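These notes are about the structure you will find just below.
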Amino acid sequence: MTDSEAATSKVEKFSIVDEIKLFLKEMLKDNYIEEKEIQDKKYVIRTTPEYVKPIADYMIRRDGRLVHLTVSDEGVHGFEVQYHYGFDHLETNTHFIIKVRLPRENPEVPSIAPITWQASWAEREMMDLLGVTFTDHPDPRHLFLPYEWPEEAESEKIDGFSLYTKRDKSAYYIRKDLGKWVPLALSPADAKLTLLPIGPYHPMFIESEYFRVRVEGDEIVDVDMKTGFNHRGVMRLAEQRHYARIPFLVERVCGICSTTHATAYCNTVEAMLDIEIPDRAKYIRTIILELERLHSHLIWLGVAGDLIGFKTLFMWALRDREHVLDLFEKLTGNRVHHDIVYLGGVRKDISEAHIPEIIRRLDFIEDSVKKYIDIAFDHPVVKARTMDIGKLTLSTAKDAGAVGPTARASDWKIDVRSSNPYAAYSPEYTTWDVITDSGCDVWSRVVVRLKEALVSCDIIRQSVERMKSTSAEIRVKPHLPEEGAEAANKTEAPRGELYYYIKSNGTNIPHTVRIRTPSYRNDAVLPFMLRGQTLSDAPIIIGSIDPCFSCTDRMIRIEDVKTNQVRLERIGDLARKYRRA
Amino acid sequence: MAVYLPIWQIIIICFALPAVGFFLGVLFQSLIRKLTARFQGRRGPWYIVPKSLRPVVGSTRILQPFWDIMKLMYKQTLIPSTAQRKIFISAPFAASTSLIIAIWFIPIIGISPFGPFEFSLIITLYLMLIVPLTIVASGAASSSPWGAIGSYREVILTLAYEIPFILGIFSTAMLTGILTPVYGGVPLIPGSLSLTDIVNFQASHSISFFGFKIPAFFILLNPFAAAAILMSLIGKLKIKPMDIPDAEVEVIAGAYTEYTGKLLGVYEIAKILLLFISLTLFIDMYLGGALVTVNYLGVPSFIWSGIVFGVEIVILILIISVVNAANARFRIDQAFTWYMKIPLILSLIGLVWPYIMVSLAGAGVSIGINIV
């Protein structure tokens, strides 16, 4: 009797964690191999490869997000495929990492891309980087490698290059079934369709990226994207460095959001070591992170202004950004890569003498941002160019996995700073609100970012004020993690959720470092926004997610909305077909 | 009726005027650049030009647009092998040549070799229309998809701004014929289509505007048409809300995408000439052609004319620069809708405005304007 009472009370207290664990135990039974809690509410569950699809199906239906999918090379033990499911938008900190082991020979695992779009890029990336085959992937082309990358020496060779690799053959056959795809409106059947290359070098982009846009008149029918022009292999580099040297490496992933990378890395290592950093360091990290968000949002506003032809806004925004850079120089000694966040705390203190200047410059920036909000609300041409453009509905944003301001402009209240508090963002340190907007269009993204800039100013003011009453200690000494220790942690970069996963092998260099940047997700959402829009709006729609191709360096299959058919075409084919005799 | 200069003077002016027009256009262009930079809060590089370079670039850099073109003239000219070669090469020259001829018909402070010709206004309008036509042709001939999109945008924009432009110009030209007899003035020509006549009419008449005696500027007599023309010129000159055909981030350079070197330089010359012609035409039509006929203070009248011309140009360029700096770029459908909404309605009001003035004066209603 008492037992059943206890059981019923337990059922009432069921959290999402318990519910998911119970379901997985029921489903997997003997294949529920191992379970451990790596940090607060972050669980690792090991199972067998045949269960990845049912698990993915359940997790997505349970409103989970596939935060990342990655493969870790375990040497003689084979490959370890990890599915990182996040439930932190429902319950603070909750994460599940589902792991499966694959043999080293013929590593094959069913693809979960048909279940969720969020897995598509990650699986392609892992097929590129580690050679693990995800069977039945709907778009098995290369993501980072060039399409004509020679994979098998024995395969069909044309002009010395093996054009059809094992994986790409499927793409070739799909295309062959659909008949000849003519790019420049030469065939009568496709006469209405025109193909336009945007990139890799185009005035629209600061970085190199290749979009293929198919237009019918002025309307975009479908979009394809190729990444990989900036790939530098930062994750691999990090796996060859001492823990102490990695913060400075990962800051180089991105020139605009550098500190947030270092913070995410340091948070992850600190979680592995289970150390708490001093309060003062938390406040200093928050100040630098929020200044970085201000800097990023201002520079984005300028670029967005330039994309709709508003050069004056571009110049003004970049002028105001100079104030942030000057502050960085004063506080950290560097203008771009700050190198202030370090394992166990921060490297430099912010003294009392700096505070008046921080407040003075913040006042100026706040006034400018209010002026830009007025422009966004009142300027007729700006409104005409941004309103009802690039719609991303809440359901699409959730399905495709948008993060950051892009998701918040679709009225999805998702912010790592509140769902997964780090530095001084939790309510006991600072109080602030998550900004959302229900417009779902480019204009909403403008407004969300500008209002966020105001919130950033507020957070910096609070941090500066409360920092005065903390002790002078800014750093605790870290030590090396134990063997097998692993941790996953994330920060809210200016562009959205930045995810880090690190695993130790007991030496002074980490065994696995995995980085999932926010643009990696938002870029994958781009085709959903671009289809049906006009070509004139393509730049501002692409710009509205604040794409950082340097971070991502990673787009997509072609999907014909008119006929609902998938067509795949490779650059190598085109080059060969249209090469001059 | 037309009074022409002696033939040797006409020949000299025919050669000198385009050169003067180009030089002034360069000055206007650099003024627009300087003003836009100030509005945008740009600081620019702060350095002193070395002495050895001063004869070449000058110490003030006001000739920068000219040196930009000169640089292009030194560069290699590449022609895409897939381009329609004849059209591709001849289009920039057709644009520049038509504008050079147009300068002969437009009075600059009253000086013009062929201005007195009866239909010089119509000829000028047609010659100015050749420029968008060549841009469309060169974009289509360049065999680049971006050129094709630029051409398509140019066609739509030209259609949009050309209607209020033509309506506004002709409603203004009617003023010379309709107004004078009614307001007690001496009728010069019944509705002249000669630019020199239009300029002379404004210079020889004055109006009492609520008691103030001022020259008979058509901008006062028909402000609606003047506003419509100014809005159309923004499209003609590709000023900011209307710089859609060569929007950099959207279509790279539109019709000019495949142009390089000297051919692009010739197009740049055409752009400078078009800026000069558009502003001069506006001054001729609405601001009295900057023509002063009296030797005030013993200073020759043409010097006064030059000063007035300069002041009027600076005001116009100030307006253009403000519009350029304060706006984002329209989408092509939005631009077309805007032209169909505001300038077209203004020019239609301008078209009936002379008749309204005449009927009001006939009915004895004072609107505060009297031609003397």
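Taken together, the values in this text are just the output of simple stated rules run on the coordinates, not laboratory data. Computed from a predicted structure; not experimentally measured. All Cβ positions, glycine included, derive from the backbone under ideal geometry; neighbour counts span all protein chains shown.
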So for the pair B:Val322, B:Leu360, with labels modelled 7 Å out along Cα→Cβ, what separation do we get in nm? 2.5
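Students often get this wrong, so check it: of B:Lys71/B:Lys238; A:Lys282/A:Lys371; A:Lys383/A:Lys490, which have C-alpha atoms separated by over 27 Å?
Result: A:Lys282/A:Lys371; A:Lys383/A:Lys490 exceed 27 Å.
Classify the protein assembly as shown as rounded, prolate or oblate from the Cα gyration tensor: take a ≥ b ≥ c as the square roots of its eigenvalues, call it rounded if a/c is under 1.5, otherwise prolate when a/b beats b/c and oblate if not.
The shape class here is prolate.
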Note: A:Ile509 to A:Val76 extended length (0.36 nm per residue) minus current alpha-carbon separation gives 154.0 nm
What percent does the relative contact order of segment A:14-133 come to when contacts are Cα pairs within less than 8 Å and at least six residues apart? 23
Ranked from fewest to most other Cβ atoms within 10 Å of their own Cβ, A:Val442, B:Val131 fall in the order B:Val131, A:Val442
Whose amide H sits under 5 Å from the amide H of A:His68, counting only residues 5 or more places off or on another chain, with H placed in the peptide plane? A:His84
Report ³J(HN,Hα) in whole Hz for each residue of segment B:17-23, in order, from the Karplus equation J = 6.51 cos²θ - 1.76 cosθ + 1.60 where θ = phi - 60°; Gly and Pro get x. 4, x, 5, 4, x, 5, 4
Summing +1 per Lys or Arg and -1 per Asp or Glu among the other residues with Cβ less than 13 Å from B:Glu268's Cβ gives +3
Going by amide H atoms built from the backbone, whose H comes under 5 Å of the H on A:Thr512, apart from near neighbours? A:Lys503
Relative contact order computed over chain B (Cα-Cα under 8 Å; 6+ residues apart), in percent: 26
Expected vector for segment A:415-424, Karplus 3J(HN,Hα) from phi with 6.51, -1.76, 1.60 and θ = phi - 60°, integer Hz, x for Gly and Pro, equals 8, 4, 4, 9, 7, 8, x, 9, 6, 10
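Checking the a/c ratio against 1.5 first, then a/b against b/c, what shape does the Cα gyration tensor give for segment A:264-402?
oblate
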Which of the three applies to segment B:78-188, rounded, prolate or oblate, going by the alpha-carbon gyration tensor with a ≥ b ≥ c and a/c under 1.5 meaning rounded? oblate
Computed for the protein assembly as shown: size of charge dipole around the Cα centre, +1 on C-beta of each Lys and Arg, -1 on C-beta of each Asp and Glu, debye to nearest 20, value 2580
CD proxy at 222 nm, helix term only [per DSSP H run n ≥ 4: -39500 (n - 2.57); per residue of chain B; nearest 500]: -22500 deg cm²/dmol
May I ask for the percentage of alpha-carbon pairs in segment A:14-133 that lie more than 20 Å from each other? 38
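Count the net charge of all other residues whose Cβ sits under 9 Å from the Cβ of A:Val213, scoring Lys and Arg as +1 and Asp and Glu as -1.
Net charge in that neighbourhood comes out at 0.
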Taking H placed 1.01 Å from N in the peptide plane, check which residues at least 5 places from A:Asp388 or on another chain put their amide H under 5 Å from its amide H. A:Val442, A:Trp443
For the pair A:Phe23 and B:Arg54, the simple spin-label estimate (label points 7 Å beyond Cα toward Cβ) gives in nm 8.1
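If you add up the charges near A:Leu273, with Lys and Arg at +1 and Asp and Glu at -1, over every other residue whose beta carbon is less than 11 angstrom from its beta carbon, what do you get?
-3
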In degrees rounded to 10, the 0-90 angle between helix B:261-286 Cα long axis and the longest Cα principal axis of chain B is 10
1/(1 + (r/R0)^6) with r = Cβ-Cβ of A:Glu482 and A:Asp399, R0 = 41 Å, i.e. FRET efficiency to nearest 0.05, evaluates to 0.55
Would you kindly derive the ³J(HN,Hα) couplings of segment B:67-83 from the backbone phi angles with the Karplus curve 6.51 cos²θ - 1.76 cosθ + 1.60 (θ = phi - 60°), listing them in order in whole Hz, with x for Gly and Pro? 5, 4, 6, 4, 4, 4, 5, 7, 8, 5, 9, 10, 10, x, 5, 8, 6
Segment A:25-74-segment A:205-251 distance, computed between alpha-carbon centres (Å): 28
With everything on Cα atoms, drop me the angle between helix B:301-325 and the longest principal axis of chain B, reported from 0 to 90° to the nearest 10. 60
